[in-house]
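The values are calculated or read from the model by the stated rules, or taken from the named source; none is laboratory data. Fair warning: this is a prediction, and the values are worked out from it, not measured in the lab. Because the Cβ atoms are built from the backbone with ideal geometry, glycine has one as well, and the counts that use them run over all protein chains shown.
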Amino acid sequence: MDLLDLAEDTPKRPIASAPKPWRLALVHPSAQRVLDTRTAALARLGAEGFEVHVFAPEHPALSSLQARAGIVPRALPVGAGVSPLPTLAAFLILQGALAERRFLIAHGEGAAMPWLSASCAVQAEVPAVLSTVDTHDLPLPDSTLISGALSALAPYLDVAGARLYGWLGERSDAYVVTTTEGIAAARALDLDPKLIEPWVGADGADHDRFRPETSRQEARAALDVPDSWDVTVGACGKLDARRGARELEQLARALARRPELRVGVVVAARSALSKPLRAALTALGDRALVLEGDVDRMDLFHAAVDLFVAPRRTAHTPTAVHEALASGTPVVAYATDTMSVAVTHNGSGSLTNPGDVDAWVDRVLDLSARPERLARMSEAAASSSRRRFSRPAAHQRLLSLYETALERGLTL
């Protein structure tokens, strides 16, 4: 049974007999991530008769979604964190949109978006509700002062968090969890086990775009990577305290003390670098290259890099890690729950104890001095990625989740 059969043949909800287009609301924290990973899957839904609306914080990628896949972009006045007034404004906007046009499916994803989506969907009587979560931590306000004060109440917050996630699960027709740690936490909630849908590995990689066959020499020339570097270490994304800024700073300082290593660092920074990190990279001189803003050809970036580093302390595995592995680029990261799923230690990359910055830097330096081992890891990375994280399989899994939620929502 496919999505069209479920919408047409289930008579228990008035929406089932509604005329086309059927509407899907994807409430997501990053329009850029949707553009990078979901365009083909959502376009496929559009071809089956669905009108797809993406609600996300304001970003140029929203317009690109409309141009590439006919997706209806809807900007929300919220950022990555939780702030009361913007969240309230986003709630009113989303609730009004869902109530004005009858939606068949509402899918919230990320730290705060699932609550926003589920709350509005219940109010608007949307038949099928999906909620995708990485962890079961409470999404706290952006304020460091408030977050610090709340950390003293950790035992009470754990209880509150369990109740909040339990509330979310009870209002979802599919409770999708993307980490093995999250799956264990979800099973500890008082939920019907049938509602819990594991999706570890999530969106996978685009193997048509990210390929180990891409010419390293041409990629390095396109990015102006110096020919004098024997090994190129790469990092990208929003580099802050939780996403590797401190680790990269210490790596740059360690490389400055090792002039005999012909190792360079290329950083594609999507946000402003911290002053200490920028200073450390500047001190490397011609052994560091900083690319400001979004890089149009990330396939060339990964092809130019011999070792990709992602010392994140967050639960989510960035798309760039899957892109690196698909390109045949080994990854050095912390052995967090999700990274341990994506990266095979001593196979497609190397993992160190989370938070041990010195051990992580030492591992990067060790591998940088052993190109023959990097070559073996490169072959393992490409092979593992194609076997475990293909984008078509991920898209099919997403559509299957929509089918499951729709079947439950329309027949309850």
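Structural remarks
- Here Thr404 does not fit the description of being in contact (Cβ under 8 Å) with a residue 60 or more places away in the chain and in contact with a Ser or Thr (Cβ under 6 Å, 6 or more places away or on another chain).
- Selection of helices (runs of 4 or more DSSP H) fully inside the range 1-104 by the criterion of at least 1 residues being in contact with a Pro (Cβ under 8 Å, 6 or more places away or on another chain), modelled with pLDDT of 85 or more and crowded, with 17+ Cβ neighbours inside 10 Å returns 31-37, 60-69, 84-100.
- Screening the candidates Ala304, Ala235, Ala280 for the property of being at pLDDT 95 or above, farther than 21 Å from Arg216 by Cα and surrounded by 20 or more Cβ atoms within 10 Å (Cβ to Cβ) yields one hit, Ala280.
- Consider the range 105-127 and keep the residues that are closer than 20 Å to Pro21 by Cα and not in a loop (DSSP other than H, G, I, E, B). The one that is farthest from the chain's Cα centre (by Cα) is Ala121.
- Residue in the range 295-317 that is aliphatic (A, V, I, L, M), touching a strand residue (DSSP E or B) at 6+ places or on another chain (Cβ under 8 Å) and farther than 30 Å from Asp227 by Cβ present: no
- Within the range 280-339, tally of residues that are within 18 Å of the chain's Cα centre (by Cα) and under 25 Å from Ala359 (Cα atoms): 28
- Some residue of the range 46-61 being in the same structural domain as Ala121 (by TED's automatic domain parsing), closer than 23 Å to Glu323 by Cα and touching a residue at least 60 places away in the same chain (Cβ under 8 Å): no
- A search for C-beta distances below 8 Å between a residue of the range 212-241 that is closer than 16 Å to Val263 by Cα and any residue that is of a type outside the set (Asp, Glu) and modelled with pLDDT under 90, counting only pairs 6+ apart in sequence or on different chains, returns Ala235/Gly244.
- Criterion violated by Ala205 - all others in (1) within 30 Å of Gly169 (Cα to Cα); (2) surrounded by fewer than 18 Cβ atoms within 10 Å (Cβ to Cβ) satisfied: (2)
- Test: residue in the range 198-206 that is farther than 21 Å from Thr338 by Cα and β-branched (Val, Ile, Thr): no
- Only one of the numbered conditions (1) surrounded by 19 or more Cβ atoms within 10 Å (Cβ to Cβ); (2) of a type in the set (Gly, Ala, Ser); (3) touching a strand residue (DSSP E or B) at 6+ places or on another chain (Cβ under 9 Å); (4) in a helix (DSSP H, G or I) is not met by Ala380, and that is (1).
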